Amino acid sequence: MLTNPLTKNIGQDNVAADINRYMDNDGYRGWRKAHSMAPDDIIELVKDGGLRGRGGAGFNTGLKWSFVPRGEDSPKQKYVICNADEMEPGAFKDRLLMERDPHLLIEGMAITAYAIGASQAYIFIRGEYHLAASRLEQAIVEAKQQKMLGTNIFDSSFSLDIYVHRSAGNYICGEETALLNALEGKRAIPRAKPPFPQVSGLWGKPTVVNNVETLCNIPHLVNLGVEWYKNLGLGEDAGSKIFGVSGKVKNPGAWELPMGTPIREIIEKHAGGMKDGLQLKGLLPGGGSTDFLSTDHLDLPMDYDVIGKAGSRMGTGTITVLDDKTCPVGLVLNLTQFFARESCGWCTPCRDGLPWAVKILERIESGNGSTEDLELLKEQCERIAPGHTFCALAPGAAEPIQSALVLFEQDFINHVTMGACPYHSISTTTPLTKHP
Amino acid sequence: MSSLLEPELIEVMEHSNSDSEDNQAALSAQEKEEIDQEATHYQQRFPVGLEALRIVQKHRGWISDETIQAISDYLDIPVAELESVATYFQLIFRQPVGKEVIYLCKSSSCWIMGCDHLQKTISDRLMIKPGETSEDGIFTLLETPCLGDCDKAPVLMLGEEMHRNLDENSINALIDKKKKYYADKSSD
């Protein structure tokens, strides 16, 4: 039984599987099979498979697709967009998939486009991913030559073109409505929802935006079926997932593992545990905008709802570990500086609130904070909570702050009472810099 | 130490770039061809604007007011619209930058693995802070959002090339290599 559908073509060498190798290894079989099915049946299959969005939100992918208007009177032009704007601090899974097996993503996009009836698709890739973008462009050329893309695919009336759109920086572009504005050639500012992109997205047309890893799940799910896919997961959630660990572990990296793999197994077995002389103090389970978990949570399985109930989010599934010699206040300050700088400036609580939080954290980290500052920081998290802004950037920024204030409360207090950072880390109070 | 905001430096940069086609208003045939190619990907004009900015910057190093005007004329997109996009995106430069842009990842995993120390190494060596260009006009140092290579932290991107698992020695070696390249080039 195939247990590593996402990485089976990925070897040790940093090369991408070309289309011949990809097809020799069952590549584009899912696309052929999907093309022989009714689009509605594909949507049902993906829904039943229980594939949840791997970008971080964990929404059922088939259900997301099902909101696209279908039938004779629906808009003729629809779009599929691959969100390849991986920029979450601590996330490094989509780069791997795009650089090393670009055809898997192309195949997933072809099936998605066919299921919702889109004849155009874009890969919205961050401008810094030069290698991934050029490998994807090469893969698209190859797929066209093999008539997997282009006009009248498999001698049918279905045609599809996929284009690579290289973006030019800015974390907010990963938010799907900001992404749509960016792709339309505007400033990447989030839109109000509803209407949701599935109804009114790119240029007002029905649009599905899916993450790279989500789309890479589609080909094998269609080819090998719902039962196989569900059995890949160990617990509640179906399928496999790229999990990763960064920070001061012995063997940082990314591995395809069953959904529901316990955190402890990922950190201790796959990442080799902490470096000698260091203890695990806490972890961000899925990127910089997820709440910290403590060592009490190590036996939790990495399933969306389990991690959600523990007070955090599985997010991207790439874990950042915090060791006992690294200052938690410094790390939270670093994350908050990131979110403050990446705020698009559209909503006041985010534009003004995050730099304010940075200032408070700078005071505490440099030893100039007071106990009132700790209270102020808590209040600040409430002011940028969900519902106060158009998108989830500011609420996401609040997650590591609010959880750190609880889990590492003593560290915050020590900074205030000692009037210095007990960890003696290098100054982290680099001012926000403007791009040229 | 020279800030990008100092007009003297901008003058220096403009002068040093004048032997290439920088700041010449009209788009070159090559630039137009590349823009036309990207334009086939869209049914609308507007999205081609960012692509054009990216393409022209690749050839000229940065986007001057004259360049914006030239793209505006070519694509029939209002200057204000292009300007709003050009000033929004981090990878579009509205001021001159060095020949080599160092994108230093400052996000969480790289921070844990010591990117502040790397920044100090670079800043001390080149006498520039993030956002500034070295006096010889070779290097610009920029802080960048997570580069998505966190298991190999700390990392930076030099131009389009990733450099991973960095320490003080490898950073210095990298700077030496680039300095030598430009020294050899100018003595040719």
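The values are calculated or read from the model by the stated rules, or taken from the named source; none is laboratory data. Quick caveat, the model's predicted, so the values are computed rather than measured. Neighbour counts are summed over all protein chains in view; Cβ atoms, including those assigned to glycine, are modelled from backbone coordinates with ideal geometry.
So which residues in the range A:344-366 are under 20 Å from A:F390 (Cα atoms) and surrounded by 22 or more Cβ atoms within 10 Å (Cβ to Cβ), if there are any at all?
The answer is A:C344, A:C350, A:G353, A:L354, A:A357.
Kindly indicate whether B:L104 is in the same structural domain as B:V155 (by TED's automatic domain parsing) and modelled with pLDDT of 95 or more.
Details: in the same structural domain as B:V155 (by TED's automatic domain parsing): yes; modelled with pLDDT of 95 or more: yes.
Criteria met by B:L104.
Please enumerate the residues belonging to the range A:156-203 that are acidic (D, E) and part of a loop (DSSP other than H, G, I, E, B).
Selection gives A:E175, A:E184.
Quickly run through the range A:37-69 and pick out the residues that are out of contact with any helix residue (DSSP H, G or I) (no Cβ under 7 Å at 6 or more places or on another chain) and modelled with pLDDT under 95.
Result: A:G56, A:A57.
Look at A:K230 and say whether it is of a type outside the set (S, T, Y), surrounded by fewer than 24 Cβ atoms within 10 Å (Cβ to Cβ) and farther than 25 Å from A:T326 by Cα.
It is true that A:K230 is of a type outside the set (S, T, Y), surrounded by fewer than 24 Cβ atoms within 10 Å (Cβ to Cβ) and farther than 25 Å from A:T326 by Cα.
Among the residues of the range B:145-155, is any of a type outside the set (G, A, S), in a strand (DSSP E or B) and within 14 Å of another protein chain (Cβ to nearest Cβ)?
Going residue by residue through the range B:145-155, those that are of a type outside the set (G, A, S) are B:145-147, B:149-152, B:154-155.
Applying the additional criterion that residues be in a strand (DSSP E or B) yields none.
Scanning the range B:145-155 turns up no residue that is of a type outside the set (G, A, S), in a strand (DSSP E or B) and within 14 Å of another protein chain (Cβ to nearest Cβ).
Can you tell me which residue in the range B:45-72 is farthest from the other protein chains (Cβ to nearest Cβ), limited to those that are touching a helix residue (DSSP H, G or I) at 6+ places or on another chain (Cβ under 7 Å) and not in a helix (DSSP H, G or I)?
The residue in question is B:I63.
What's the number of the condition B:L75 fails, among (1) among the hydrophobic types (A, V, I, L, M, F, W, C); (2) surrounded by fewer than 24 Cβ atoms within 10 Å (Cβ to Cβ); (3) within 9 Å of chain A (Cβ to nearest Cβ)?
Exception for B:L75: condition (3).
I'd like to know if the range A:235-247 contains one or more residues that are over 21 Å from the mean Cα position of the chain (by Cα) and either of a type in the set (A, V, I, L, M, F, W, C) or surrounded by 17 or more Cβ atoms within 10 Å (Cβ to Cβ) (or both).
Looking through the range A:235-247, none of the residues is over 21 Å from the mean Cα position of the chain (by Cα) and either of a type in the set (A, V, I, L, M, F, W, C) or surrounded by 17 or more Cβ atoms within 10 Å (Cβ to Cβ) (or both).
Tell me, which residue of the range B:124-156 that is hydroxyl-bearing (S, T, Y) and in contact with a strand residue (DSSP E or B) (Cβ under 7 Å, 6 or more places away or on another chain) is surrounded by the fewest Cβ atoms within 10 Å (Cβ to Cβ)?
B:T144
Any residue at all in the range A:114-132 that is under 26 Å from A:C391 (Cα atoms) and more than 14 Å from every other protein chain (Cβ to nearest Cβ)?
yes
Name the single residue that is surrounded by the most Cβ atoms within 10 Å (Cβ to Cβ) among those in the range A:18-27 being touching a residue at least 12 places away in the same chain (Cβ under 8 Å) and under 21 Å from A:M1 (Cβ atoms).
For the range A:18-27, the residue satisfying everything is A:G27.
Looking only at the range B:115-142, which residues are in contact (Cβ under 8 Å) with a residue 40 or more places away in the chain, within 30 Å of A:G244 (Cβ to Cβ) and at the interface with chain A (Cβ under 7 Å from one of its Cβ atoms)?
B:H117, B:L142
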